[in-house]
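Please read the structure below before turning to the comments.
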Amino acid sequence: MTYERIRIASLLILTIFMGLFTAPVNAQMNIEIKGVGQTLYPIAVSRFKDEDKLPVKISDVIRQNLTRSGYFRNIELGNGVEDDQVIPNFKTWAARGADALAVGSVTQKSPGQYEVRYRLYDIRKGESLNGLIVSASEDNLRLAAHKISDDIIFKLLGERGVFSTRLSYVMKEGKRYRLVISDADGQNMRNALNSSEPIISVSWSPDGQKIAYVSFEDRKPIVYVHELASGRRIVLSNERGNNSAPSWAPDGKSLAISLSKDGNTQIYRVNADGSNLRRLTQGNTIDTEPQFSPDGKFIYFTSDRGGNPQIYRMSADGERGEPAKRISFKQPYATSARISPDGKYLAYIGGAGGGFKLFLMNLLTGDSTPMTDTSFDESPSFAANGRYILYSTQVGGKKVLAAVSVDGYVKQILSVPGSDVRQPSWGPFMDR
C-alpha cells in the first residue's frame, strides 16, 4: 500500500455486494518465471497411475510446483507411468540424470472421493524416502498435489514447502473489485467478497481461518473480520474518521489497526471481537501500517514523525513505557513494513529513482537490498516459510502480482488477463 494519506484521499464511495468464499472465479492466472536458483535439483515425477481419469492431473501440478520453486529441474516431462508398487530401476533413472524420483497412483474410493498415493526415491543412494497417502474429494485434488509437493520439498531440501498455503488478492475488472482467495500458485480462485468499491489491506489470521480487511462499502473505510468457511463477518472497527491497516497479533486474539478518530491517524490495539480498544502511539503526526513481530513483542509501523514516512518499532504495549525507535534510514521514503517469519528480515517499500521499490533489510546489520527491477511496487507479504516475498507492481501499465525469493534469484510475474491484480497477502501454514 502506498502511504495511507494518499491512498485514502483517492478512494470513492459506491455500493458493495457480499459473495461467499465458495463462489469460484472463472479467470485464469498466468505465471511467468523470470529467474531460477543457481543449482537446480534434478528430479523425475512420473505420471500417477490412473490420474488420466481425473479432472486434474496430479503429476502436472507437482511438476509445475517444483519448477516454479526455482530449485528443481524436471527430468521427466512425458507420459510414462512408473508403478508405485514396484521398486524402480535406479540405474536407468540415474542414467537419465535424475537424483530423485516421485511415483504415485490414484484410486477412487467412492463417488467423488479419491485416495492419492505417492512415494519418493533417492536415486543416487538407491533407497526409498517413503511417501504419503492423501484422501481428497474431486474439488481438492489440487490440494493433494500441493501436499505431495510440500513433502518432496521437505524430504529433499529440509524445509517446509508453501504449496499448500493460500493467497489473497484483489482483482479490479472495470469498476468492480473482487477479493479472491487462491492456491499458492494463483490457481483455484474463489471469491471472498465482490464489490463495486475498493477493498484494501487484507491480513490473514494466524490460523488461516479468517481475514481482516478494509472495505469502503458504507461511505467510509471500515475494518471487517471475515470468516472464510462461512462468509460470516463482523465489523471490527467503525470509529469516526478512517479505520484502516489491520494486522493480526501472532496469537490471533487481537489486532493492531490505524484510526483517525482523535485527529491524526494513530495506532490502536483491539480484541479480535472488536472489544477493548486501546491507543498505542502518542504522536501528533501520522502513524499507520502496524505489523507485529513474529514473537508478538513489537509492532513495526510507518510514521512521518521525522518529516518523511519511515519505519519505526515500538513495544506491542505501545509508546507509554519507551518511545518508538526508527528502523529505516537508507531511503528518503519507507513504508509497508513486513517482518519475515523468523524475525530476521524486514521487507518494505522504499522510494528509489522516482519510483517505489521492494527492499529487504537485514534487521541485525541494517543493510538493505533492492529486490526488484520494477518501479511501482506495493504491499509486500512473506510466504509462511520466509523463502519468498509476494508483492504487487506494474508491468506494461497494468497492476500484476509478483514474487521474488529472498536470495533474489527466483522471480515470477502472476497476471490475470483483463484484470488488474493488487493488494496481495500470503496466508499462513494451515496446521495451527
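Quick notes on this one:
- The stretch 362-375, residues that are closer than 22 Å to L401 by Cβ and surrounded by 16 or more Cβ atoms within 10 Å (Cβ to Cβ): P370, M371, T372, T374
- Boolean, N188 is assigned to a strand (DSSP E or B), open to solvent by 40 Å² or more (accessible area, probe 1.4 Å) and at pLDDT below 95: no
- Some residue of the stretch 187-201 being charged (D, E, K, R) and without any contact (Cβ under 8 Å) to a residue 60 or more places away in the chain: no
- Residue that is most open to solvent (accessible area, probe 1.4 Å) [pool: residues in the stretch 48-62 that are closer than 10 Å to S105 by Cα and assigned to a loop (DSSP other than H, G, I, E, B)]: D50
- Residue count for the stretch 392-429 satisfying the condition of being in contact (Cβ under 8 Å) with a residue 60 or more places away in the chain, open to solvent by 50 Å² or more (accessible area, probe 1.4 Å), of a type in the set (D, E, K, R) and out of contact with any Gly (no Cβ under 6 Å at 6 or more places or on another chain): 1.
- The criterion of at least 1 residues that are open to solvent by 10 Å² or more (accessible area, probe 1.4 Å) is met, among strands (runs of 3 or more DSSP E) falling completely within the stretch 214-317, by 222-227, 233-237, 243-248, 266-271, 287-292, 298-303, 310-315.
- Among the residues making up the stretch 319-351, those that are of a type in the set (G, A, S) and surrounded by fewer than 19 Cβ atoms within 10 Å (Cβ to Cβ) are G321, G343, G351.
- Residues of the stretch 76-103 that turn out to be on the phi < 0 side of the Ramachandran plot and either part of a loop (DSSP other than H, G, I, E, B) or among the β-branched types (V, I, T) (or both), as a count: 19
- Here E197 clears all of (1) in a loop (DSSP other than H, G, I, E, B); (2) open to solvent by 10 Å² or more (accessible area, probe 1.4 Å) except the condition numbered (2).
The values are calculated or read from the model by the stated rules, or taken from the named source; none is laboratory data. A quick note: this is a predicted structure, and the numbers were derived from the prediction, not measured. For neighbour counting, all protein chains shown are included, and Cβ atoms are generated from backbone atoms with ideal geometry for every residue, glycine included. These area figures cover heavy atoms from the full protein model, side chains too; ligands, DNA and RNA do not enter into them. Shrake-Rupley method; radii C 1.70, N 1.55, O 1.52, S 1.80 Å.
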